[in-house]
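Chemist: I have a structure here, written as structure tokens, and I will follow up with some questions on it.
Read-outs throughout are calculated quantities, based only on the coordinates presented, and are distinct from any laboratory measurement. Fair warning: this is a prediction, and the values are worked out from it, not measured in the lab. Because the Cβ atoms are built from the backbone with ideal geometry, glycine has one as well, and the counts that use them run over all protein chains shown.
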Amino acid sequence: MRYEHLAVPRPEIFESRNLNRILLALLGVGACSLLITLIIGCAAPGGSELRRQFAFSWLFAFLYFFTILIGCYFWIIVHHSTDSGWGIVVRRQMENLASLIPWMVLFFLPLFFVRRDIWNWITAKESPVIDPNLRDKLSYFELRFGSLVIPFFWVRAVLCFAYFSFAALYFRRTSIRQDSDGDPKWSVQMRGVSFPGILLFAACTTLLAFDWFSSPDYRWASTMWGVYIFAGAAGAGMATIILVVMGLKNAGYLRFVNEEHYHIMGKLLFTFTIFWGYIGFAQYMLIWYANIPEETEWFLRRNVESWNVLSTFLVIGRFFLPFLYLLFQYTKRNAKFLAAISFWILGMHVLDTYITIMPFLHERGFELSIFDLLALLSIGPLLAFIFLRRLGGASLFPSQDPRLLESLKLSN
Amino acid sequence: MSAASLSKPAFAVIAEFPSAGALYEAAEKVRDAGFRFWDVHSPFEIHGMNKAMGLGKSTLGYIIFCGGFLGFTTAALLEFIPSSYLFPLIVHGKPVNFYTNPPFFPIMFELTILFSAFTAFFGVFIMNRLPRMHHPLFNYEPFKRVTNDAFFLVIESVDPKFSEIGTREFLEGIGGKEVTLIYAND
């Protein structure tokens, strides 16, 4: 293909000055909710109803935003490792989103303080008669060498955060460095880093999924659980990337992003809709079939009373509807239709996360709490604030990437 | 050229192009000139060629959707009718009702895929009028290179705008090399 007639676009810098009012609103909403939530949550005595509600609401909001961000990070490493040319114009947005991961460390801190209310193995291991299920698993949470006890649970948390943070910042920094010198060696280097990056990503995501999001029920085990979290994360991450790119295009930037790029992103969204359904079903069917009490407990908990309605709706809303909707080419290429389904999938991801976390707390059907909303409002607007501030830090697309023209003249 | 071959009807005019890019741009010009019965041949897929040729969207996708839906329905009926109504068996102590469906899903999934794949495969066959033992293009010896390193553009004589002299000149004008008239089988 010949590209001579295509003009190389000039780097575009996002002007966050025009957004002062929005930035202020985001900061205000985020900071207020954060203060209210943390003050009430920390003032409540440990083990009380209020305290547990706060703890699980916070875990729910944390899981929601954390999975979206690692989903965005996943798309960076997939992009590099497959040597893709299609998405150069949108890659900087993946990098901007993924580089919010270090901030998630701050949002993880409240979880550390309420750890005894969430991860019940911490209290269970202190009881004089240890549950035999926990005794067998305790070496996963803590390494014991004689009298030396290494809290492996927290070591893993630190290692995983370190990996995600450094890798996400590395990809963004290297990509920005290439903006100034245009040296193809950075592309090659990032590709090289992305291969071990994928392995570590899989390991970290699986461990985090076990540690943080399923160990409130330490008896449960499922080899699919890490993959399930990843499947939801990748889909929600792609939906976020699509919305951010569309938002920037509506604001007058990234004019060269066209329906061909939407088409590919729509196809990836479609893929991960199917993948989510596939993994969710594979996990459910094997547990349902084998009928082992420790395993079925997970799904029993999520199918009693009103939880059953939500679980059924999740299957329809997160899989069947987007599947039929995205099957058509038109919905993937049309910006409005694709934006609608991206919003829908992000909404369904809220439900997915809610059904993952909340049944630990409300065993007799779901009970909405103001803390659920406050926790989402504490993390979401603050992340959006940091993101918008970060957008202006570099060009909105990798302006010197050797494959930029290939990405501009994309066709499916 | 022998007298015998001159008496045969013309099938098409063929032109060779040096690269995929050249073929792509030639296709855009042939499309803009308003030809309808023509084709390009290359050793590999050229991205965007369907647009350069002005091809519309294939109807194959809709046919495959119908095939897949048929597969899904077949599997669902084959499983639910015997297992839930005709010969309900209690397995693993699980109840016999509509919600005892997880073991049915893999079969629905696989029949959907199987029927879609068959529809796609045979749909492509029928829509391309395959199988076909011979094609007039094979009368042109250099066409063999199309699976290796050559890029060809063919305008067929059934096209209303086709004329032996005019089309030759047109193809030469847009950069075609070795422009040759191919004869139909007699």
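Chemist: Neighbour counts of other C-beta atoms within 10 Å: give me A:Val257, A:Val193, B:Val13 arranged from fewest to most.
Modeler: Numbers: A:Val257 23, A:Val193 16, B:Val13 28.
Sorted ascending by nearby Cβ count, the order is A:Val193, A:Val257, B:Val13.
Chemist: Taking neighbour counts of Cβ atoms within 10 Å as a proxy for exposure, in what order, fewest first, do A:Asp83, B:Asp39 appear?
Modeler: Working: A:Asp83 11, B:Asp39 14.
Final ranking by Cβ density, sparse to dense: A:Asp83, B:Asp39.
Chemist: Relative contact order for chain B: what percent, with Cα pairs under 8 Å and sequence separation of 6 or more?
Modeler: Values: 225 pairs, mean separation 92.1, N = 186.
The normalised contact order for chain B reaches 50 percent.
Chemist: While we're looking at this one, here's another question. What angle do you read, to the nearest 10 degrees and between 0 and 90, between the alpha-carbon axis of helix A:185-208 and the longest principal axis of chain A?
Modeler: 20 degrees
Chemist: Between 0 and 90 degrees, rounded to the nearest ten: what's the tilt of helix A:152-181 against the longest Cα principal axis of chain A?
Modeler: 10 degrees
Chemist: With Cβ to Cβ distances under 12 Å as the rule, what net charge do the other residues near A:Ser342 carry (K, R +1; D, E -1)?
Modeler: Values: positive: A:Lys332, A:Lys336; negative: none.
Net charge in that neighbourhood comes out at +2.
Chemist: Report the longest stretch of chain A that contains none of the GluC sites (Glu not before Pro) sitting in a DSSP loop with at most 13 other Cβ atoms within 10 Å.
Modeler: Of all site-free stretches, the longest is A:127-362.
Chemist: Give the distance, in whole Å, between the Cα centre of region A:200-231 and the Cα centre of region A:127-172.
Modeler: 13 Å
Chemist: By a straight-distance test (C-alpha under 19 Å), which aspartates and glutamates pair with A:Lys332 as possible cross-link partners, with residues fewer than eight away in the same chain excluded?
Modeler: Within reach: A:Glu259, A:Glu260.
Chemist: Report the label-to-label distance for A:Leu199 and A:Asn250 in nanometres (one decimal), using points 7 Å from each Cα along the Cα→Cβ vector.
Modeler: 4.3 nm
Chemist: Moving to a separate point now. Once each part is reduced to its C-alpha centroid, what is the distance from region B:76-116 to region A:340-412 in angstrom?
Modeler: One Cα centre to the other: 37 Å.
Chemist: Right, another one. Loop only per DSSP, at most 14 neighbouring Cβ atoms within 10 Å: give me the chymotrypsin sites (Phe, Trp or Tyr not before Pro) in region B:10-109, ordered by residue number.
Modeler: Values: sites: B:Phe11, B:Tyr24, B:Phe35, B:Phe37, B:Trp38, B:Phe44, B:Tyr62, B:Phe65, B:Phe69, B:Phe72, B:Phe80, B:Tyr85, B:Phe98, B:Tyr99, B:Phe104, B:Phe109; in loops: B:Phe35, B:Phe37, B:Phe44, B:Phe98, B:Tyr99.
The qualifying sites are B:Phe37, B:Phe44, B:Phe98, B:Tyr99.
Chemist: Say the cut-off is 26 Å between C-alpha atoms; which of A:Lys185/A:Lys336; B:Lys51/B:Lys161; A:Lys249/A:Lys409; B:Lys57/B:Lys144; B:Lys29/B:Lys177; A:Lys185/A:Lys249 go over it? Don't skip to the answer; put the middle values down first.
Modeler: Numbers: A:Lys185/A:Lys336 38 Å; B:Lys51/B:Lys161 21 Å; A:Lys249/A:Lys409 17 Å; B:Lys57/B:Lys144 29 Å; B:Lys29/B:Lys177 15 Å; A:Lys185/A:Lys249 30 Å.
Check vs 26 Å cut-off fails for A:Lys185/A:Lys336; B:Lys57/B:Lys144; A:Lys185/A:Lys249.
Chemist: Can you give the relative contact order of chain A as a percent, counting alpha carbon pairs under 8 Å and 6+ residues apart? Show your work: numbers first, answer last.
Modeler: Working: 525 pairs, mean separation 144.5, N = 412.
It rounds to 35 percent for chain A.
Chemist: Within region A:204-245, find all residues whose amide N lies under 16 Å from a label point positioned 7 Å from the Cα of A:Phe112 along Cα-to-beta-carbon.
Modeler: A:212
Chemist: What trypsin sites (Lys or Arg not before Pro) in region B:1-107 are in a loop by DSSP, with at most 11 other Cβ atoms within 10 Å of the Cβ?
Modeler: Numbers: sites: B:Lys29, B:Arg31, B:Arg36, B:Lys51, B:Lys57; in loops: B:Arg36, B:Lys57.
Listed in order of number, the matching sites are B:Lys57.
Chemist: Here is a further query. Would chain A count as rounded, prolate or oblate if I go by the C-alpha gyration tensor, calling it rounded below 1.5 in a/c and otherwise prolate when a/b exceeds b/c, oblate otherwise? Each step should come with its number before you reach the end.
Modeler: On the way: a/c = 1.72, a/b = 1.64, b/c = 1.05.
Here chain A falls in the prolate category.
Chemist: Run the helix sum for chain A: -39,500 (n - 2.57) per DSSP H stretch of 4+ residues, divided by residue count, reported at 222 nm to the nearest 500 deg cm²/dmol. Show your work: numbers first, answer last.
Modeler: Numbers: 18 runs with 292 residues, N = 412.
Counting only the DSSP helices, I get -23500 deg cm²/dmol.
Chemist: First select every other residue whose beta carbon is under 14 angstrom from the beta carbon of A:Leu26; then total the charges, Lys and Arg +1, Asp and Glu -1.
Modeler: Details: positive: A:Arg21, A:Arg389, A:Arg390; negative: none.
Taking every other residue near A:Leu26 into account, the sum is +3.
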